[in-house]
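In what follows, a single structure is set out as structure tokens and then discussed.
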Amino acid sequence: METKKSIFQRASEWGVPFGLYLTCGAVAFIFADWFAPLGLIFIVLFFATPIVVYYFQRRKFIEDDGFTDYSALWMLGIMLFILGTVLASFIVYMVLQFGRPNFMYEQAAQVIKAYSEMPDMKDSELLVILQRMVDQRRLPSPIEVVFNAFWFITFGGSVTSAITALIAKRKLKKYRRQ
């Protein structure tokens, strides 16, 4: 007799591929200014994330023959986001720390350049403050970026999982052969 795996066992198994999925999206975002098609890849992965979470939740629901509670499916989604984000955070930290240590400053320089070319924004307070932050080296470090992203993604993942769990819990279609 096959025993069914718990929500936490499934989340630990599926957290690694989901973390790699999140990592691909983050790395595509980080290098999109160097290679433009990565921007499109990031957008596709970003908007497909709820579909991926739904897939895992629905898979668990079907595995349990439709007897998984909404709260369990929601918890599965939350755990997927937490475990996946832990993995992605580690890899993204390494990329930001060693692959693109000046990423934040490069992005700030692009914003400053773009705003400086706009007549209405040339003397804006935003531009002055951003330039001062760059000059004083006050932009967030890679570890600060990663921790902020971790909390943002896990919170957003919790909300996303709540919605996708509602959809994943729809009734199973049982077909009988006669």
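Against the longest alpha carbon principal axis of the chain, how many degrees, from 0 to 90 and to the nearest 10, is the axis of helix 125-135 turned? It works out to around 90 degrees. The long axis of helix 70-94 is offset from the longest Cα principal axis of the chain by roughly 40 degrees.
Given a Förster radius of 30 Å and the C-beta distance between R137 and I163 as r, what FRET efficiency does 1/(1 + (r/R0)^6) yield to the nearest 0.05? Given R0 = 30 Å and the Cβ-Cβ separation, E is 0.15. Annotation for F152 and Q107: the two label points, set 7 Å from Cα along the Cα-Cβ direction, are 0.7 nm apart.
Extension gain for the segment L126 to F67, taken as residue separation times 0.36 nm less the Cα-Cα distance, is 15.9 nm to one decimal. Remark: the stretch 1-102 carries 56 Å² of accessible area per residue (probe radius 1.4 Å; ligands, DNA and RNA excluded). Label the stretch 1-134 by shape, choosing from rounded, prolate and oblate, from the square roots a ≥ b ≥ c of the eigenvalues of the Cα gyration tensor; if a/c is under 1.5 it is rounded, and otherwise prolate applies when a/b is larger than b/c, oblate when it is not. Prolate is the answer for the stretch 1-134, as a/c is 1.5 or above and a/b outweighs b/c. In sequence order, the stretch 56-61 has phi-based couplings of 5, 5, 5, 4, 5, 4 Hz under the Karplus curve 6.51 cos²θ - 1.76 cosθ + 1.60, θ = phi - 60°, and Gly or Pro positions carry x. Sorted on the mean count of surrounding Cβ atoms within 10 Å across their residues, most packed first, peptides 79-88, 100-109, 55-64 read 79-88, 55-64, 100-109. Summary of the geometry: the stretch 133-177 and the stretch 1-42, compared by the centres of their Cα atoms, lie 11 Å apart. Within the shell defined by Cβ-Cβ distances under 13 Å, the residues around V111 carry a net charge of -2, with Lys and Arg each +1 and Asp and Glu each -1.
When the helices of the chain are scored as -39500 (n - 2.57) per DSSP H run of n ≥ 4 and the total is divided over every residue, the value at 222 nm lands at -25000 deg cm²/dmol.
On the stretch 1-99, 76 percent of the accessible area sits on carbon and sulfur atoms, based on a 1.4 Å probe.
The values are calculated or read from the model by the stated rules, or taken from the named source; none is laboratory data. Model, not experiment: these values are computed from the prediction. Counting neighbours? That spans all protein chains shown, and the Cβs are built from the backbone with ideal geometry, glycine included. With ligands, DNA and RNA removed, areas are computed over all heavy atoms of the protein, side chains included. Shrake-Rupley method; radii C 1.70, N 1.55, O 1.52, S 1.80 Å.
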